[in-house]
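Coordinate-derived values only; no laboratory data. As the structure is a prediction and not an experimental result, all values here were calculated from the model. Quick reminder, even Gly has a Cβ in these numbers, built from the backbone with ideal geometry, and neighbours come from all protein chains shown.
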Amino acid sequence: MSKKNSYIADAKRYDTMKFRRTGKSGLLLPELSLGLWHNFGDDDNFKNSRNLLKCAFDNGITHFDLANNYGPPPGSAERNFGKILQKDFKSYRDELIISTKAGYGMWAGPYGDLGSKKFLVASLDQSLQRMGLDYVDIFYHHRPDYDTPLEETMGTLDLMVRQGKALYVGLSNYQPEEAKKAFQILKDLGTPCLIHQPRYSLFDRWIEDGLLDLLENTGVGAICFSPLAQGMLTNKYINGLPKDSRAVKDSPFLNSNQVLEMLPKIKALNEIAASRNQNLAQMAISWILKDQRITSVLIGASKTEQILDSVKAIENTTFSENELDTIDEILKTK
Ligand SMILES: NC(=O)c1ccc[n+]([C@@H]2O[C@H](COP(=O)([O-])OP(=O)(O)OC[C@H]3O[C@@H](n4cnc5c(N)ncnc54)[C@H](OP(=O)(O)O)[C@@H]3O)[C@@H](O)[C@H]2O)c1
């Protein structure tokens, strides 16, 4: 089959992006990666989805993160991504790191959810089919399953790598204690965990309480999701609630009350960002990247302008003690 694309990527795409090593592995990831949780489903504008991926890649974002259930409906983000890959990215496959996951409810019955071998094997096969891929670069167990033995779930991740359906494996949403056990099982099987994908932002700092130390000590990378708290850590809500924003559109994960509650902190953080010659989105991303234990920050975007805006964060990832203290004070206020 011909490998010709209709899209030619920007020749300068590697000029400004910075790459970090993923834990102690051989894999480098861009400081910013793009997630397809929102804005790639069947309800979204296909042309816009296509432009988002092209814009990201043109700016050195080589990593696209998916999951079996992204959409809506579940599966549609992978299907739409597969179409875009086919149209635009065929000759760039070896420049891309594509990840997917399974662990949340995907189909009816006892074999369409959680962490059994039965579910994970079938789910990855379905994901590969939807995306038109022979393998994914990273396959994640999306969340812990306390009823399935960890040995079964980790054994399945190891199997996927041995079958050539995934190059690396990762875990998402695992707490430090269960992550530590899982890392040891994977290491013993000969398939070390590449990366952990937790939620982390100025508004949600749980990983500072043990997980980041564990990742550093075990040589596992970290890619943080929802770095902008789904858009709250930007200037978009400062003067009201835009109609096309995630908090106003029908998202079960973010609503206008949550935004209004955080508004005083958002406004105060916005002022610190301005004093650093950044906007709030850029500062929120820079603040995560100041920690070298973080491999990549996993952003979402509904518009290409947001990607162009957010990539500028990598230009300034150092903070003075005074800035960090002021940020901590703002976050502590009730
Ligand atoms: N492993 C897991 O359990 C899990 C869970 C959640 C997410 N994730 C991954 O993480 C990715 C990112 O999550 P997320 O979408 O919540 O991330 P996020 O970066 O915190 O939020 C993205 C949203 O913020 C707004 N935005 C982005 N850049 C902006 C900018 N420069 N200026 C103003 N607004 C901006 C947009 O909102 P509007 O849409 O309102 O324009 C965008 O849709 C997902 O796609 C997925 O791959 C993983």
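Computed values, structure above
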read-out: All-pairs alpha carbon distance profile, the stretch 214-273, 5 Å steps from 0, percent; value: 4, 17, 25, 18, 11, 8, 9, 7, 2
read-out: Choice from Leu34, Leu298, Leu263 showing the highest fluctuation, given a GNM over the chain with Cα pairs closer than 10 Å; value: Leu263
read-out: Cα centroid separation - the stretch 270-332 against the stretch 52-96, whole Å; value: 25 Å
read-out: Members of Lys18/Lys187; Lys54/Lys83; Lys18/Lys312; Lys18/Lys236; Lys54/Lys101 lying beyond 20 Å, as alpha-carbon distances in this model show; value: Lys18/Lys187; Lys18/Lys236; Lys54/Lys101
read-out: Burial ordering of Trp37, Trp287, fewest other beta-carbon atoms within 10 Å first; value: Trp37, Trp287
read-out: Sum of -39500 (n - 2.57) over DSSP H runs of 4+, divided by residues of the chain (222 nm, nearest 500); value: -11500 deg cm²/dmol
read-out: Which of Leu157, Trp107, Gly23, positive extreme of dipole for the chain (C-beta unit charges); value: Trp107
read-out: Segment Lys118-Leu263, extension gain: residue separation times 0.36 nm, minus the distance between their alpha carbons; value: 47.7 nm
read-out: Kyte-Doolittle at least -1.0, axis length at least 24 Å by Cα - qualifying DSSP helices, the chain; value: 256-275
